[in-house]
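Data block below; observations after.
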Amino acid sequence: MAVEPAPEQIIVSSGSPLEGTVRVTGAKNSVLKLMAATLLAEGSYRLSNVPRIVDVNLMAELLRAVGCRVQWDTNHTAELHIDVPAEITPVAPYNIVERFRASVVVLGPMLARCGEATVALPGGDDFGPRPVDMHVRGLTELGAQVEVVHGNIEAFTEQLLGGRVVLEFPSVGATENLLMAAVAAKGITVIDNAAREPEIFDLCCFLQSMGAVISGAGTSTLMIEGAGTTQWLQAADHTVIPDRIVAATYLAALGVASGEVFVEGARYDHMELLCAKLAEMGMILTGEADGIRAISPRRLDSVDCSTLPYPGVATDYKPFLVAMLATASGVGIVTENLFPGRFRYVDELRRMGADIRTDAHHAVVRGVERLSGAPVRAHDIRAGAALTVAGLGAEGPTIITDAHHVRRGYENLVGDLESLGADVRTGQAST
Ligand code: EPU
């Protein structure tokens, strides 16, 4: 019987300030949706600036299960080629879907293309329930029959019909599924209270280059002129936008370790409110044409902050902000408005001596001068990255187990931090 590999560890020691240039990869939360969107039309697609992360491999596996050919370019490490055949099998099987939440976005394009789709209910991160009711309701309003039965979302339609859908909350996934379904609806669809994340703007640009007629991209009202079928859409090439959450991770690492770093490729305009918070904490940030230059000259000051849909401070930044506040001067209150269960990593930070109290969706963080390195566990991608950031501000080594989660969203977190001078490496837990 094959022996399971020992869980991966990240081992961090605090030390010198960070210095140098680090380049951000393409955005996970964009590329996964672009890959799903290719299902809308037959042809050969080339996606550039694609991060080599586990979730991209999982989405590739899903596209292959549906009938596509997916392969990395042999010369360009960040280029992915997808060949979508004339016929696809619109079934996303449980054994792939349960491994990553973003898989639910194949529902809209498969339904649009085939008039039917079966998608196993998605799995995903370990931070509480992640319902799909808004996806289901929205598609129903566009004329689909959608049922959640036997662990699957099953959708069917003779013809999707344009209409007005008002989302109860600007859900990223629901906006994306509806957007991709609406391009094949007959007539005009208006999605109100749509999510406005840069990754949705990127998806709109890709769909437009495939021939979709969309207005309002980047705003909370999207208007899609559907032609009743996907047959007029064509394959296209696209360069993925930079990953603002990866960029935020490096800024947070700098905030904790101090120093001066250029985050190459990061888009200041995608991260404005976060940058304003970091500036309030004492960092100096400058948006440049090809990245963000950041200086962290001293121990940071605490701030309060609340997570909100874009352009608010993203929930994905919160674990990094909490890690930064753990060693900042003063008290900061962080309020989570998207995923109430997203505080699990706080117990791990407490093991490192952080003074954090949580009450419902609030965390009160009283900064201590220095954390104390300890063995901790990563429960999801961002938690693993945040514990790595926290480790930079701790006395003694921090050993993060279950660090394989980090590879779902980061191509080379450890190598990148190392290149900036951090004392960080990977290891294997002894079994
Ligand atoms: N929600 C519902 N019903 C739905 C859909 C969502 O109640 O039908 C709720 C969720 O439970 C949550 C809120 O609405 O409370 C927001 O969820 P949303 O649908 O916006 O999130 P998502 O599409 O599932 C994406 C990102 C997350 C990111 C959130 C919020 C991807 C693959 N994931 O998730 O990223 O936290 O938007 O910005 O795009 C990550 O990258 O680590 C990550 C978790």
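Segment 171-290 holds helices (runs of 4 or more DSSP H) entirely within its bounds, and those carrying 3 or more residues that are more than 30 Å from residue 301 (Cβ to Cβ), open to solvent by less than 30 Å² (accessible area, probe 1.4 Å) and within 16 Å of the ligand (Cβ to nearest atom) map to 172-182, 198-209. Residues that are free of Cβ contacts under 8 Å to residues at least 12 places away in the same chain and of a type in the set (D, E, K, R) within segment 23-74 comprise just one, 64.
In the set 106, 146, 136, only one residue is within 16 Å of the ligand (Cβ to nearest atom), surrounded by 15 or more Cβ atoms within 10 Å (Cβ to Cβ), among the aliphatic types (A, V, I, L, M) and within 18 Å of the chain's Cα centre (by Cα); that residue is 106. Residues in segment 107-122 that are hydrophobic (A, V, I, L, M, F, W, C) and farther than 17 Å from residue 231 by Cβ: 5 in all. Just one of the listed residues (230, 249) is β-branched (Val, Ile, Thr) and not assigned by TED's automatic domain parsing to the domain that holds residue 396, and it is 230. For segment 337-373, the candidate set comprises residues that are surrounded by 22 or more Cβ atoms within 10 Å (Cβ to Cβ) and within 16 Å of the ligand (Cβ to nearest atom); within that set, the residue that is nearest to the chain's Cα centre (by Cα) is 342. The criterion of being within 15 Å of the ligand (Cβ to nearest atom) and within 21 Å of residue 90 (Cα to Cα) does not hold for residue 167. Find the residue count for segment 245-276, including only residues that are out of contact with any Leu (no Cβ under 7 Å at 6 or more places or on another chain) and farther than 22 Å from residue 51 by Cβ. Qualifying residue count for the region: 5. Please verify whether segment 58-81 includes one or more residues that are within 25 Å of residue 245 (Cβ to Cβ), exposed (fewer than 15 other Cβ atoms within 10 Å of the Cβ) and either modelled with pLDDT of 95 or more or within 16 Å of the ligand (Cβ to nearest atom) (or both). No, every residue in segment 58-81 fails to be within 25 Å of residue 245 (Cβ to Cβ), exposed (fewer than 15 other Cβ atoms within 10 Å of the Cβ) and either modelled with pLDDT of 95 or more or within 16 Å of the ligand (Cβ to nearest atom) (or both).
In segment 54-72, the condition of being over 24 Å from residue 113 (Cβ atoms) and in contact with a Leu (Cβ under 7 Å, 6 or more places away or on another chain) is met by at least one residue.
Condition check ((1) under 24 Å from the mean Cα position of the chain (by Cα); (2) touching a residue at least 12 places away in the same chain (Cβ under 8 Å)) across all residues:
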site	(1), (2)
388	yes, yes
401	yes, yes
410	yes, yes
418	yes, no
429	no, yes
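Confirm whether residue 50 is open to solvent by 30 Å² or more (accessible area, probe 1.4 Å) and within 16 Å of the ligand (Cβ to nearest atom).
Here the answer is no, as residue 50 does not meet what is asked.
Filter segment 316-336 for residues that are open to solvent by 10 Å² or more (accessible area, probe 1.4 Å) and under 24 Å from residue 199 (Cβ atoms); which is nearest to the chain's Cα centre (by Cα)? Out of the qualifying residues, it is 316.
The values are calculated or read from the model by the stated rules, or taken from the named source; none is laboratory data. What you are looking at is a predicted structure, and each value in this text was computed from that prediction instead of being measured. No Cβ is skipped: glycine too gets one built from the backbone with ideal geometry, and neighbour counts run over all protein chains shown. Protein only, heavy atoms only, side chains kept; ligands, DNA and RNA dropped before computing areas. Shrake-Rupley method; radii C 1.70, N 1.55, O 1.52, S 1.80 Å.
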